[in-house]
1. Provide the net charge surrounding Arg331, with neighbours chosen by a C-beta distance below 14 Å and charges set as Lys +1, Arg +1, Asp -1, Glu -1.
2. Where both partners of a DSSP beta bridge lie in segment 215-376, what percent of those bridges are antiparallel, to the nearest 5?
3. Tell me the relative contact order for segment 163-303 as a rounded percent, counting alpha carbon contacts under 8 Å between residues six or more apart.
4. For Thr156 and Arg30, FRET efficiency with R0 = 30 Å and r from the beta-carbon atoms, rounded to 0.05?
5. Using a Gaussian network model of the chain whose springs link C-alpha atoms within less than 10 Å, name the residue from Val296, Val319, Val123 with the highest mean-square fluctuation.
6. Residue by residue through segment 98-104, what is 3J(HN,Hα) from phi via Karplus (6.51 cos²θ - 1.76 cosθ + 1.60, θ = phi - 60°)? Round to whole Hz and write x for glycine and proline.
7. Most fluctuating residue of Ala158, Ala19, Ala294 in a GNM of the chain with Cα springs under 10 Å: which is it?
8. In whole percent, what relative contact order does segment 215-376 give with Cα contacts below 8 Å and a gap of six or more residues?
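Derivation of every value follows stated rules applied to the coordinates shown; laboratory data play no part. From a predicted model like this one, the values you see are computed outputs, not experimental measurements. Every residue, glycine as well, gets a Cβ built from its backbone with ideal geometry; the counts of neighbours run over all protein chains shown.
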Amino acid sequence: MHLSFVSIPAAGHVNPTLAVVSELVRRGHRVTYFTAAGFAPRIEDAGAVFRASGEDWMAWLPVPGPGQPGRGPQLLPLMQRVFEDLRGSFPALVEHLREDPPDAVCFDAMTLSGSMAAEKIGVPAIALMPTYATNEHFSFRALPAAPPPEMKEAWTTAARLVAEFAAGQGVKTPRIFDGPPAPFNIVFIPREFQPMGGTFDERFQFVGPCVGRRESGPAWTHEGPRPLLFISLGTTPLNRRPDFFRLCLDAFGHSQWDVAMAIGEQTDRGSLGPIPANIRIQPFFPQLQVLRQADVFLTHAGMNSTMEALYFGVPLVAVPQQPEQEATARRLEELGLGRRLTAADVTAPDLLRAVAEVSANRGIREKVAAMGRTVRSAGGATAAATAIEAQLEGRGVD
């Protein structure tokens with residue numbers, strides 16, 4: 001078969017698909033992958049043919065200033081720019097697909113162009129969902145406890161822009177928050193982590209995280225004698241928080257912890273002040289390799305990071321930076337897998353106390369171990385590739 005993948009240009013959306021691409025290619029299928037140019041090397045390494053489509057959204061994201069939260073009133077103009085990119089890139093995407101027609105378009109559920117392009121050229125569409133799934137009983141939009149006004153305004157504007165664009169293209173309006181995005185949907189979390197997981201029917205295949213070859217990526221070794229704490233707020237510039245990283249230095253410097261702290265490319269290491277000897281700082285670490293050795297993960301609670309920690313049985317302390325991460329942090333606490341702290345008023349003693357508690361809490365560790373077994377047995381890339389084959393061969397999924 002020939003399969004076309006379409007994704008928004010964000011690591012949290014591209015990375016979960018790469019092992020699936022590798023598995024499909026290993027089985028003899030041909031994959032073309034459409035996203036921004038910055039992801040070409042890792043997509044080609046997975047065995048797909050890369051096709052540039054759209055711009056890199058990460059280059060547009062505003063870098064918060066000192067003390068500013070990650071998400072602010074810039075969300076609406078950012079959403080409008082996304083739609084400008086969609087209007088500019090969609091015709092070329094459709095033309096490429098018509099020139100080399102796939103048997104199906106596998107699209108990230110947040111990629112508006114994916115389902116519309118599949119309908120435009122008359123092939124099946126399969127949604128790929130790196131976070132919570134949405135059906136008639138549960139909506140991802142309902143997760144944030146109290147969405148800020150700018151987020152509500154952005155959702156309203158997005159719904160209007162999507163409907164207008166789809167009407168102009170003569171296709172159905174993509175469904176993002178109000179039901180299944182496609183007739184068949186692959187979800188990269190286990191059903192047990194999905195709120196109201198029992199309400200999702202055969203249209204959804206929960207396969208858990210797809211780490212693939214990334215699990216055996218660049219070598220990294222914990223060099224210190226003490227337990228290892230990994231700290232990361234993910235890759236997006238929205239999570240630039242030098243104030244938070246300085247709190248971590250105050251909390252864990254000269255403590256009983258060895259620390260690996262990823263500060264991203266937007267934070268100047270020199271701005272953090274003196275670095276204690278027990279803390280290693282880099283823009284990024286090979287996350288899977290560090291988590292394999294970590295005792296606790298201090299995280300923003302992005303879904304990929306959350307799933308990867310659970311894959312390796314690492315308990316979490318969540319300090320969410322965005323509303324959707326707040327929802328996952330609450331889910332972690334609800335399931336007994338870690339602790340949640342509030343970014344706006346967290347202190348260094350709060351951080352040290354929460355990490356110590358999670359590390360010592362036998363109940364949390366037992367629940368994390370159990371969820372880790374669930375995550376690892378969900379099927380991952382193998383289950384995802386089998387589900388795609390079954391759908392396109394008309395066999396369905398057991």
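1. Neighbourhood net charge equals 0.
2. Antiparallel bridges: around 0 percent, rounded to the nearest 5.
3. Contact order relative to length: 24 percent.
4. With a Förster radius of 30 Å, E is 0.15.
5. Val123
6. Result, rounded to whole Hz: 6, 5, 9, x, x, 6, 6.
7. Ala158
8. With pairs under 8 Å counted, the relative contact order is 22 percent.
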